[in-house]
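Below: the structure, in structure tokens.
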Amino acid sequence: MVICKDNVFLLKNDTLSYLFRVGKYGELQHLHFGAPVDIDDVEAFACRPGLGWGSSVLLNDADSASCLDDYALEWSGSGRGDYRESPLEIGTSTDLRYVNYRILNGIAPMANSLPQARGECQTLEITMEQAGLRAKLYYTLFETALTRRVMLENTGDAPVSLHKCMSFSMDIPGQFHLTSFHGGWSAEMRKNTVTVGGAKVVVESLTGASSNRHNPGFMLHEADATENAGRVYGFNLIYSGNHYASAQLSMQGLTRVMQGVNPSNFCRNLAAGEVFETPEAVMTVSDAGFGGMSLLMHRFVNKHIVPAYWRNRPRPVLYNSWEGCMFNFNQHRLLDLADRAKDLGCELFVLDDGWFGKRDDDKSGLGDYNVNLKKLPNGMEGLSKAICKKGLQFGLWFEPEAVSPDSDLYRAHPDWALTDAHPDVLGRHQLLLDLTKPEVRDYIVENVSRIIDEAGLTYVKWDMNRHLSPVYSNVLPPERQKEASFRHMCGVYELFRRLHALFPNAMIENCSGGGGRYDLGMMKYSTQIWCSDNTDPVSRTYIQYGSTLGYPTATMSCHVANHGSSIEDPRKLNYGFRVALNGPLGYELNILGASDTAKATMSGQIEEYRAYEHLILRGDFYRLLDPFACGRYAYYFASADSRELLVTYLQNYADP
């Protein structure tokens, strides 16, 4: 429920309360974010400000307790005496003051293309104003979490240059540790914990994607918090581009935490009457440790983020062709693989890279959608019919956001690529398409939807292997290039939104060189995400452990995929399967020539997975051992009534 009493606001559900109030100068004072409390408990949490000693700047010279620098705040500007990091920068000082509020049943819809949580909820809208500027702060309460975002409107006559606008900011009393997840390609979600002190701690991405370097999900927690005890705050952002989060302890013992679009190389010029909306941030809190926090976050993501059609629905066990043939295939080889995959018990056959243009390696063809008739003489429709005739569903790999310089598309439209005045820099021998351009978005939607229709696809693997560099759109004038990254990401979301409207029940597996976009923004449109290109089972235990702290296992695609090196070793094949029991199951190895023993082993694995799939996709997840701490990974799934358990114990290394 959301209630207001005497300018005090309370958002409360069965697991948490969020409490703040309007101060006498129109500032918003943060009071409590934690266990459920009542609105009349306000004085128990109210901050006692200092008396403005020394270098303090006061809002009212006659009131020595009017120094904003001493208060726990919900939102702060600049130039009014609060010298902590501001969530808002517009080139001049800001002095937003409270005006009014509204309580809405349901969400407050966003006008831009950004994804948003959905479902049963209540929303509190707080309006703050200053001359020429209006901010609306949105708080949306769900069963296990709440979201925050900001809408900023230029109400003046002159343009406003917006350099920074966070999705939320708040000051929490106490000192905490911050745990984030850093890494890189094939080494995603490495847990990293630091103490938040007077020096600012920052978690950010500058790659144009949420990135495999620093995931947007992070936690603030008590120093002695464990898996099952201690206060843990969980934060995340429903956004897949450059993100930023910071935490810093003030001398008054307040930890200021904020999150939003990265302000580095960001600017948005707002003309009179124009509006900017931030991505939606997600937050939850538990006094039952990391396990309690992640359980609440998992429930929120499963119910309010992932596509509704696939929520709690069984997933087809897939076979991906990549390790079986890579670029070297023809229809006969693919159908041979499909026969063998069907015999194992797989239900979905996925053709990976190499089916279009002159795509015999990764140096050409991206951006072209003409089927390679040398490899597939009956076209994609012919291959699909042959696959489906075997009783398998059919899926296909795409990389729609990229373009190869050696492609028909680039030769026809070189201006469609993200390039600047300097010589091109390539990643994976490719450039990215400029998704700020409507004609580029139309081209992608038209061609991807055409292939989906022709082939009757039930599954799409959407890959994106290259980070943004340079970020320069020739749609925008030079003075507005700092808008390009955000506008490009809005273009990505428009693609997903339009395709989702055309194919609402299609299963989309997102991938970005593995875990480069393993985030809530992609999960809004993706049934599951390929969290890493690293399929070594030992490495996967670390990647999957880190992922489960913020994301439910139903979103984490887990394949038995040992690059063909251990298919005939039953111990290794079984170990790979045990690691893959952490999420929706798939196979990605060369099964041509597999022995009867290996085939029988894999068939048995699929039967076992089917017996436990309801727990893996819909059960509650609990971690038992941290591989970062002990080299062993153990966890279990529990049914809602706790009458069924699936326990997995993995010892990565033999004890000496």
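The values are calculated or read from the model by the stated rules, or taken from the named source; none is laboratory data. Just so we're clear, the structure is a prediction, and the values are computed from it rather than from any experiment. FYI the Cβ positions are ideal-geometry reconstructions off the backbone, even for glycines, and counts take in every protein chain you see. Note: accessible area is taken over every heavy atom of the protein model, side chains too, but ligands, DNA and RNA are not part of it. Shrake-Rupley method; radii C 1.70, N 1.55, O 1.52, S 1.80 Å.
Within region 153-170, how many residues are of a type in the set (Gly, Ala, Ser) and open to solvent by 10 Å² or more (accessible area, probe 1.4 Å)?
3
Would you call Arg487 open to solvent by 40 Å² or more (accessible area, probe 1.4 Å), farther than 17 Å from Trp416 by Cα and either at pLDDT 95 or above or assigned to a loop (DSSP other than H, G, I, E, B) (or both)?
No, not satisfied.
Can we say Gly184 is out of contact with any helix residue (DSSP H, G or I) (no Cβ under 6 Å at 6 or more places or on another chain) and either at pLDDT below 95 or surrounded by fewer than 17 Cβ atoms within 10 Å (Cβ to Cβ) (or both)?
Yes.
Going through region 125-152 one residue at a time, which ones are crowded, with 20+ Cβ neighbours inside 10 Å and of a type in the set (Asp, Glu)?
Result: no residue meets the conditions.
Testing Gly516 on (1) crowded, with 23+ Cβ neighbours inside 10 Å; (2) in contact with a helix residue (DSSP H, G or I) (Cβ under 9 Å, 6 or more places away or on another chain), one condition comes back false. Which one is that?
Just one mismatch for Gly516, condition (2).
Can you name the residue in region 389-406 that is assigned to a loop (DSSP other than H, G, I, E, B) and among the small types (Gly, Ala, Ser) and is also nearest to Leu335 (Cα to Cα) among such residues?
Gly391
State all residues of region 547-584 that are of a type in the set (A, V, I, L, M, F, W, C) and either touching a strand residue (DSSP E or B) at 6+ places or on another chain (Cβ under 6 Å) or closer than 30 Å to Val232 by Cα (or both); if no residue qualifies, say none.
Leu549, Ala554, Met556, Cys558, Val560, Phe577, Val579, Ala580, Leu581
Quickly run through region 193-212 and pick out the residues that are surrounded by fewer than 19 Cβ atoms within 10 Å (Cβ to Cβ) and part of a loop (DSSP other than H, G, I, E, B).
Within region 193-212, Gly197, Gly198, Ala199, Lys200 meet the criteria.
Given the conditions (1) in contact with a Ser or Thr (Cβ under 6 Å, 6 or more places away or on another chain); (2) surrounded by fewer than 20 Cβ atoms within 10 Å (Cβ to Cβ), report the number of the one that Asp82 does not fulfil.
If we test Asp82 against (1) in contact with a Ser or Thr (Cβ under 6 Å, 6 or more places away or on another chain); (2) surrounded by fewer than 20 Cβ atoms within 10 Å (Cβ to Cβ), just (2) comes out false.
Would it be correct to say that Gln248 is assigned to a strand (DSSP E or B) and open to solvent by less than 10 Å² (accessible area, probe 1.4 Å)?
no
Test Asp63 against the criterion of being among the acidic types (Asp, Glu), assigned to a loop (DSSP other than H, G, I, E, B) and open to solvent by 20 Å² or more (accessible area, probe 1.4 Å), and give yes or no.
For Asp63, the condition - among the acidic types (Asp, Glu), assigned to a loop (DSSP other than H, G, I, E, B) and open to solvent by 20 Å² or more (accessible area, probe 1.4 Å) - is met.
Would you tally the residues in region 296-341 being open to solvent by 20 Å² or more (accessible area, probe 1.4 Å) and hydrophobic (A, V, I, L, M, F, W, C)?
So the answer is 6.
Does Ser526 fit the bill of being surrounded by 21 or more Cβ atoms within 10 Å (Cβ to Cβ), at pLDDT 95 or above, assigned to a loop (DSSP other than H, G, I, E, B) and touching a Pro at 6+ places or on another chain (Cβ under 9 Å)?
Criteria met by Ser526.
Pairs, please: C-beta under 7 Å, at least 6 apart or cross-chain, first residue touching a residue at least 40 places away in the same chain (Cβ under 8 Å) and among the aliphatic types (A, V, I, L, M) and in region 265-280, second part of a loop (DSSP other than H, G, I, E, B) and open to solvent by less than 30 Å² (accessible area, probe 1.4 Å)?
Final answer for the pair search is Ala272/Gly156.
Examine region 16-29 for a residue that is of a type in the set (Lys, Arg), over 22 Å from Val232 (Cβ atoms) and part of a loop (DSSP other than H, G, I, E, B), and state whether such a residue exists.
The answer is yes, given that some residue of region 16-29 is of a type in the set (Lys, Arg), over 22 Å from Val232 (Cβ atoms) and part of a loop (DSSP other than H, G, I, E, B).
Search region 615-648 for residues being without any contact (Cβ under 8 Å) to a residue 40 or more places away in the chain and assigned to a helix (DSSP H, G or I), and hand back the single one that is surrounded by the most Cβ atoms within 10 Å (Cβ to Cβ).
Only one residue tops the list, namely Leu615.
Does Tyr71 satisfy being touching a Cys at 6+ places or on another chain (Cβ under 8 Å), surrounded by 20 or more Cβ atoms within 10 Å (Cβ to Cβ) and within 20 Å of His32 (Cα to Cα)?
yes
Can you give me the number of residues within region 253-295 that are of a type in the set (Ser, Thr, Tyr), in contact with a Gly (Cβ under 7 Å, 6 or more places away or on another chain) and either more than 29 Å from Gly546 (Cα to Cα) or open to solvent by 10 Å² or more (accessible area, probe 1.4 Å) (or both)?
Adding up the residues that qualify gives 1.
Being modelled with pLDDT under 95 and more than 26 Å from His488 (Cβ to Cβ) is the filter; apply it to region 85-95 and report the residue that is nearest to the chain's Cα centre (by Cα).
Within region 85-95, the match that is nearest to the chain's Cα centre (by Cα) is Thr94.
Taking the conditions exactly as written (buried (at least 22 other Cβ atoms within 10 Å of the Cβ) and touching a residue at least 12 places away in the same chain (Cβ under 8 Å)), does Glu401 satisfy them or not?
Taking the combined requirement at face value, the residue satisfies it.
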